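Worksheet: the structure to be examined is printed underneath.
The values are calculated or read from the model by the stated rules, or taken from the named source; none is laboratory data. These numbers were taken from a predicted model, which means no experiment stands behind them. Every residue, glycine among them, receives a Cβ derived from its backbone with ideal geometry; neighbour counts consider all protein chains shown. Just so you know, the surface numbers come from the protein's heavy atoms only, side chains and all, with ligands and any DNA or RNA stripped out. Shrake-Rupley method; radii C 1.70, N 1.55, O 1.52, S 1.80 Å.
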Amino acid sequence: MQNSLGAGLLLAGAGRAAPAAARTLARTLPEAWGLQLYTVRSLMARDVERTLASVARIGYGEVEFAGYFGRSPAEIRTALEAEGLTAPAAHLSLEELRSSLDEAAAAAAEIGHRYLIVPYLGGPERPGNDGATGSALVDGYRRLADEFNGLGARCREAGLGFAYHNHDFELEEVDGVRLFDVMIENTDPELVTYEVDFYWLVHAGADPFDYFSRYPGRFELCHVKDRTEDGEMADVGAGVIDFAAIFERAGEAGLIHYFVEHDQPGDPMGSVRASYEHLDALDG
């Protein structure tokens, strides 16, 4: 893994658009900013309804689930409707989708999800954890892409989209090719989209603009997660990733849904409030 920042990012004044640029940028920004609820998981574990109410009061219009904290799909739908929130997406493990995709699709229909997303590959799910290297590792990612096509087809039959969320290990270069590129190039755009996590992409030394150029329209969702110059996660606007520049290329990327995330915030609600205020100011 590389620790250098993606070459295409403009670090000076990161995320701060000049007035004229801000007027142009406003045309590419979403109607509602979203939040990945993993950021406030400690609060969700204590009180789902109160946490969703706090998120809505800050100004978020969308949320992305990573578990339902013991609530039924009907209870989740009721809690969302009470706060005027929608939940376009949910994270489920690859094993969950392999074993119970029909149940996940039924829950998604009840709640109002439009995407089911695999957020991580761990244990035997991840090619290479069996010791494969070189061309065998690349082949493992091709087989995974084939499986994603199958899951995507089943999701489409259920009226849903299917996506994969990257970390940094997929950006490893093997035999001259990045494994993430293998995944993208071997999945059908009609069946599989991607949720690009900007922190992890940049942390691996990759350039978001390069990915937008080479794979236009493949990234319908994103995690808006900032990074300090020394590699730490940060509230949006407190790091050096130039989100204003990234969002200007939203149409090329295919971005529709934008979810703020911070994996380990010291003050979860304070973090999501600070991130929202920064993004809201981009409207100029």
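For region 25-115, list the helices (runs of 4 or more DSSP H) that sit wholly inside it and hold at least 2 residues that are open to solvent by less than 70 Å² (accessible area, probe 1.4 Å) and either of a type in the set (Gly, Ala, Ser) or at pLDDT below 95 (or both); which are they?
48-58, 73-83, 94-111
What is the number of the single condition among (1) open to solvent by 20 Å² or more (accessible area, probe 1.4 Å); (2) part of a loop (DSSP other than H, G, I, E, B); (3) not hydroxyl-bearing (Ser, Thr, Tyr) that Ala153 does not meet?
The failed condition is (2).
Inside region 40-72, can you point out the residues that are among the charged types (D, E, K, R) and closer than 25 Å to Glu103 by Cα?
Result: Arg41, Asp47, Glu49, Glu62, Glu64, Arg71.
Taking the condition of being in contact with a helix residue (DSSP H, G or I) (Cβ under 6 Å, 6 or more places away or on another chain) and farther than 14 Å from Thr51 by Cα, how many residues in region 75-86 meet it?
Residues meeting the conditions: 1.
Quick check: is even one residue across region 117-130 buried (at least 16 other Cβ atoms within 10 Å of the Cβ), modelled with pLDDT of 95 or more, in a strand (DSSP E or B) and touching a helix residue (DSSP H, G or I) at 6+ places or on another chain (Cβ under 6 Å)?
yes
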